[in-house]
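Structure, as structure tokens:
The values are calculated or read from the model by the stated rules, or taken from the named source; none is laboratory data. In this text the structure is predicted, and so the values were computed from the model without any measurement. We place every Cβ from the backbone using ideal geometry, glycine too, and count neighbours over all the protein chains shown. Ligands, DNA and RNA are excluded from the accessible area calculation, which covers all protein heavy atoms including side chains. Shrake-Rupley method; radii C 1.70, N 1.55, O 1.52, S 1.80 Å.
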Amino acid sequence: MVIIQYYSTAVIMCIITMICWGSWANTMKLTGKQWFFQLYYWDYSLGVLIFSLIFAFTLGSTGTMGRSFVQDIMQGDQKYLLYALLAGAIFNLSNVLLVTVIDIAGMAIAFPIGVGLALVIGVISGYINNPAGNPWLIFSGLACVVIAIIIDGIAYSKIPSDGKKSVVKGIVISIITGILMGFFYPILVASISPNLINPEPGKLTPYSAIVMFSIGLFLSSFIWNYYFMRKPLSGSKVSFADYFKNGSTKDHLVGILGGLIWCTGFSLMTLAADKAGAAISYGLGQGATMVAVIWGVFVWKEFKAAPKTANRLLAAMFFFYLVGLSLLVIAKL
């Protein structure tokens, strides 16, 4: 399998993760008006699973180091296989809620609060499990991210009531999203061997863990996503019949593309953790918040009804996020 050799390469991969994770949700906005986000999510889940398998049978089965994907999955201990499945199911619940917040309040509020909180929790959990990097720089970076989250919430509150759907609902669901999303990654990391060149027996390589994670995500959609189809937090009820009746070929392909984009970023981040450390790689990947806000503010015009004070707050949010992410990058130099 292919293994990352240099920290600089790992950082570049995390930056790609940042772009992928901050951009995949745009595909949801490219679907038709009758294509509700719950229907989109089925194609997204399928796209994640498809990419994980492609990744495993290509890079995960190439080279002489470590174990190949098939060999690795066959020797995996049941406990670690279940860890990866569970991580996928927990993440999936948080992601369904994230998509709900995007539908309710837009990308510029869902990502800074939901994903930003997940960044803080994930980095702290990752550092406890694997204390790699300068703790002063890591936690100073997290403090900047927390400030950025608070500023974004204040900026969103500046939008007039007729220019937003629900402040309270969007923020509350974002917080729940962040808590759930922050705890899935340490569970996944627990299933992965710390040594990839000579993998620990029973534990998984990143490639196998990503496949099991993706299976957990896809299967749990029949629980989480189906529940929100019948009891939506926003919009109308939808059924499986709507998936086959209302969706165009474009709608389905765009959803699958969203899953491919997300899983590309996730796979690169998981591989990068070997050299960057779980805390730093996850923290950098969650810098997707800045990318998502750029899309939300400048492309989708989610703050067009806000006063000029909101723009100054958004500028401050970007500043603190950039400082926070920069501190995370140099924390292991």
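Descriptive notes on the structure:
For (1) without any contact (Cβ under 8 Å) to a residue 60 or more places away in the chain; (2) closer than 30 Å to residue 198 by Cα; (3) assigned to a helix (DSSP H, G or I); (4) among the hydroxyl-bearing types (Ser, Thr, Tyr), each residue gets a yes or a no:
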| site | (1), (2), (3), (4) |
| --- | --- |
| 219 | no, no, yes, no |
| 244 | yes, no, yes, no |
| 255 | no, no, yes, no |
| 284 | no, yes, yes, no |
| 298 | yes, no, yes, no |
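- Count of region 121-144 residues, restricted to those that are over 18 Å from residue 314 (Cβ atoms) and at pLDDT 85 or above, is 12.
- For the residues 57, 51, 69, the requirement of being over 16 Å from residue 217 (Cα atoms) and buried (at least 19 other Cβ atoms within 10 Å of the Cβ) singles out 69.
- Residues of region 18-42 that are in contact (Cβ under 8 Å) with a residue 12 or more places away in the chain and either open to solvent by 60 Å² or more (accessible area, probe 1.4 Å) or closer than 21 Å to residue 194 by Cα (or both): 19, 29, 30, 34, 36.
- Of all residues in region 182-215 being open to solvent by less than 10 Å² (accessible area, probe 1.4 Å) and within 15 Å of the chain's Cα centre (by Cα), the one that is nearest to residue 118 (Cα to Cα): 182
- Among the residues here, residue 184 qualifies as touching a residue at least 40 places away in the same chain (Cβ under 8 Å), assigned to a helix (DSSP H, G or I) and among the aromatic types (Phe, Trp, Tyr).
- Qualifying residue in region 108-128 (condition: in contact with a helix residue (DSSP H, G or I) (Cβ under 8 Å, 6 or more places away or on another chain), free of Cβ contacts under 8 Å to residues at least 40 places away in the same chain and of a type outside the set (Val, Ile, Thr)): no
- For region 104-158, a tally of residues being open to solvent by less than 50 Å² (accessible area, probe 1.4 Å), under 24 Å from residue 305 (Cα atoms) and hydroxyl-bearing (Ser, Thr, Tyr) returns 1.
- Residue check, residue 250 part of a loop (DSSP other than H, G, I, E, B) and surrounded by fewer than 17 Cβ atoms within 10 Å (Cβ to Cβ): no
- When each of 319, 244 is tested for being surrounded by fewer than 19 Cβ atoms within 10 Å (Cβ to Cβ) and under 22 Å from residue 121 (Cα atoms), the lone residue that passes is 319.
- Test set (1) surrounded by fewer than 17 Cβ atoms within 10 Å (Cβ to Cβ); (2) modelled with pLDDT under 95; (3) under 16 Å from residue 262 (Cα atoms) - residue 63 fails condition number: (3)
- So residue 306, is it open to solvent by less than 40 Å² (accessible area, probe 1.4 Å) and either of a type in the set (A, V, I, L, M, F, W, C) or part of a helix (DSSP H, G or I) (or both): yes
- Of the residues 189, 172, the single one that is out of contact with any helix residue (DSSP H, G or I) (no Cβ under 9 Å at 6 or more places or on another chain), assigned to a helix (DSSP H, G or I) and not polar (S, T, N, Q) is 172.
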